[in-house]
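> Below is a structure I'd like to ask you about.
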Amino acid sequence: FPDEATPQSGMAPEAQQQQANTMLQMPNGSMVSAQEAKAAFEKMKAEASRKAGKAEQRIDDWLTECQSNAEMRKVIDDAVKLGSGVIKGPVPVNRKSSKWQRGDDGVATLTIIEEIKPASFRVDPWNLFPDPACGESIHNGAYIFERDFLTGKKIQALRGLPGYIDAQIEKCLEEGPKSLAESDGKTALYNRSTKDQFEIWYIYVDIKAEELEAAGCDCGDSKKSFPAILTMVNDHVIRASLNPMDSGEFPYDVIPFKRRPGMPWGMGLGRQLRTPQRIVVGATRRLMDNAGLGSGPQIVVRRGVEPENGIWEISPLKIWIESEDSGGQATSPVTSVVIPMLQAELTNIIQFGMKMAEDVTGMPMLLQGQQGKAPDTVGGMTILNNNANAVLRRVARLFDSSITEPHIRRYYAWLMEYGEDEDEKGDFQIVARGSTALIERDLQSQEMVNVLALCLNPAYKKNPAKAMDEYLKSRRFDPAAFDYTEEELAQIQSQQPQPP
């Protein structure tokens, strides 16, 4: 049944009555009328909405505990600078919480509660190595590698933990940290910043059961392959475990700032600005160099002239004596030559480079609060603002499709698989509209002042109080904080003249 009644204006009244009396078969086999079936559907829909609300609250609580907003800001920063941002999650983490309880004797005792909960973390794009054959999505590859660095103290702390192989950890500690084999610039940077640290790898790949059993992971059927997580240090497997997600999906999401065909990595602003940046930097350097050369005039002293004090330097009120054999120069014996700075010409080149940077990136200066030469009229500014916000809309929708939807979908799968409250589970669909809604809400807030004025006209039959609540919400205020109390509202109504 549809959520709302379908218009049936073209149907005769007797046909409408006949359809209303139609008997339908329910899933349990019973026959009910159309009205009863619709009532049952509405009840089921309300129950599903209630469960979906609880599931949404649970996932939001998990994301709040791991400070996902701060991690997402790091991901966006990576995407703008490097072209790609990576978020990892959900991954199981051991969270500790404190709880004070007062006993019968009046003494309060502290209880430490440890729980396994999902969390999300930002991953450096330089440390993620997907399958080269994955195409534009890392989830199309057969495996994925993640690199991290741990100190020897943290490697020692892994001994005795469930799933870790103590003998392999001892080998790694005896060998010590191994240097990286690569010699590229980024690896050299890591060598300096991660000196005396162990390089640890996390590999997500399908592994045969017999190989997992050799690492101490019991899988049951030895003839199958299972999605597993391998942890390696110094080329030694120190842990092997099954992927906590039964689907075997990789817990990574990559957002490309600008799509590149055939690869999961995107293009950042730095790469897009390469040509305009060379123009601006080159012209600015030339302007500064020329300003240094032209900051003072060049002094030309003709032959046959000597300073009276014998010191060859320029100073105020200095006397120069013309020698007798100079022959009497017709022009001034001491002249100055001014080197033109070409400031206007070089500045135009700089402005050209700045304009090209706006064009190639689609990020106008208007987004940074600079009006420039935009027309200072209401219509012109509205058009410019809408065009400038098109970039924000694109980025917001890209974030929703690349990060929000797949990331929250995995959290939903985690809830279905490991959630303890059955009342939070159901057949739900993830609808990501958070990032896009923020942009649209900001645009709507600019029009709320006009909406308030229109709602005061009773001919439109709109509630001014509700419009005011929406305006306060758009300005990030709590509408309830501005409401009258019942006593104040009754006093106001008593003071108003009663209509005849």
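> Which residue pairs have Cβ atoms closer than 8 Å, lie 6 or more positions apart in sequence or on different chains, and pair a first residue in region 337-352 that is within 13 Å of MET288 (Cα to Cα) with a second residue that is open to solvent by less than 60 Å² (accessible area, probe 1.4 Å) and in a loop (DSSP other than H, G, I, E, B)?
Final answer for the pair search is PRO340/GLY294; MET341/GLY294.
> Moving on. Given LYS473, LYS462, which one is open to solvent by 100 Å² or more (accessible area, probe 1.4 Å), modelled with pLDDT of 85 or more and of a type outside the set (Phe, Trp, Tyr)?
Exactly one of LYS473, LYS462 is open to solvent by 100 Å² or more (accessible area, probe 1.4 Å), modelled with pLDDT of 85 or more and of a type outside the set (Phe, Trp, Tyr), namely LYS462.
> Sticking with this one: Which ranges mark the strands (runs of 3 or more DSSP E) fully within region 246-324 that have 1 or more residues being surrounded by fewer than 16 Cβ atoms within 10 Å (Cβ to Cβ), β-branched (Val, Ile, Thr) and out of contact with any Cys (no Cβ under 8 Å at 6 or more places or on another chain)?
Of the strands (runs of 3 or more DSSP E) lying wholly inside region 246-324, those with at least 1 residues that are surrounded by fewer than 16 Cβ atoms within 10 Å (Cβ to Cβ), β-branched (Val, Ile, Thr) and out of contact with any Cys (no Cβ under 8 Å at 6 or more places or on another chain) span 298-301, 305-307, 320-322.
> For region 65-135, which strands (runs of 3 or more DSSP E) that fit wholly inside it have 2 or more residues that are of a type in the set (Val, Ile, Thr) and free of Cβ contacts under 8 Å to residues at least 40 places away in the same chain?
108-123
> Still on this model: What about ALA181, is it modelled with pLDDT of 85 or more, not in a helix (DSSP H, G or I) and not β-branched (Val, Ile, Thr)?
no
> Just to be sure before I move on: is VAL93 surrounded by fewer than 16 Cβ atoms within 10 Å (Cβ to Cβ) and either modelled with pLDDT of 85 or more or within 30 Å of LEU392 (Cα to Cα) (or both) in the structure I sent?
Answer is yes for this residue.
> Quick one: what pairs do we get from region 29-45, first residue of a type in the set (Gly, Ala, Ser), second open to solvent by 50 Å² or more (accessible area, probe 1.4 Å) and assigned to a helix (DSSP H, G or I), C-beta under 7 Å, 6+ apart or different chains?
These pairs meet every condition: ALA34/GLN19.
> With the structure loaded, tell me whether ALA374 is modelled with pLDDT under 75, part of a loop (DSSP other than H, G, I, E, B) and buried (at least 17 other Cβ atoms within 10 Å of the Cβ) or whether it fails that test.
No: the conditions fail for ALA374.
> Within region 230-245, track down each residue that is without any contact (Cβ under 8 Å) to a residue 60 or more places away in the chain and part of a loop (DSSP other than H, G, I, E, B).
Answer for region 230-245, where residues must be without any contact (Cβ under 8 Å) to a residue 60 or more places away in the chain and part of a loop (DSSP other than H, G, I, E, B): ASP235, ASN243.
> Please determine whether any residue of region 120-140 is open to solvent by 80 Å² or more (accessible area, probe 1.4 Å), modelled with pLDDT under 80 and among the hydrophobic types (A, V, I, L, M, F, W, C).
no
> Follow-up question, since we're still on this one. Restrict the check to region 51-63 and report whether at least one residue is at pLDDT 85 or above, open to solvent by less than 90 Å² (accessible area, probe 1.4 Å), over 23 Å from GLU249 (Cα atoms) and among the charged types (D, E, K, R).
Yes, some residue in region 51-63 is at pLDDT 85 or above, open to solvent by less than 90 Å² (accessible area, probe 1.4 Å), over 23 Å from GLU249 (Cα atoms) and among the charged types (D, E, K, R).
> So which residues in region 136-170 are in contact with a Cys (Cβ under 7 Å, 6 or more places away or on another chain) and in a helix (DSSP H, G or I), if there are any at all?
ASN140, ILE155
> Under 18 Å from the mean Cα position of the chain (by Cα) and open to solvent by 70 Å² or more (accessible area, probe 1.4 Å): is that true of LEU82 in this structure?
Yes: the conditions hold for LEU82.
> Could you pull out the residue among ILE144, ILE155, ILE200, ILE207 that is over 21 Å from ARG410 (Cα atoms), in contact with a helix residue (DSSP H, G or I) (Cβ under 7 Å, 6 or more places away or on another chain) and at pLDDT 85 or above?
The unique qualifying residue is ILE155.
> Can you find a residue that is over 30 Å from SER241 (Cα atoms) and within 28 Å of the chain's Cα centre (by Cα) anywhere in region 91-102?
Taking every residue of region 91-102 in turn, none turns out to be over 30 Å from SER241 (Cα atoms) and within 28 Å of the chain's Cα centre (by Cα).
The values are calculated or read from the model by the stated rules, or taken from the named source; none is laboratory data. All values reported here derive from a predicted model rather than from experimental measurement. Because the Cβ atoms are built from the backbone with ideal geometry, glycine has one as well, and the counts that use them run over all protein chains shown. With ligands, DNA and RNA removed, areas are computed over all heavy atoms of the protein, side chains included. Shrake-Rupley method; radii C 1.70, N 1.55, O 1.52, S 1.80 Å.
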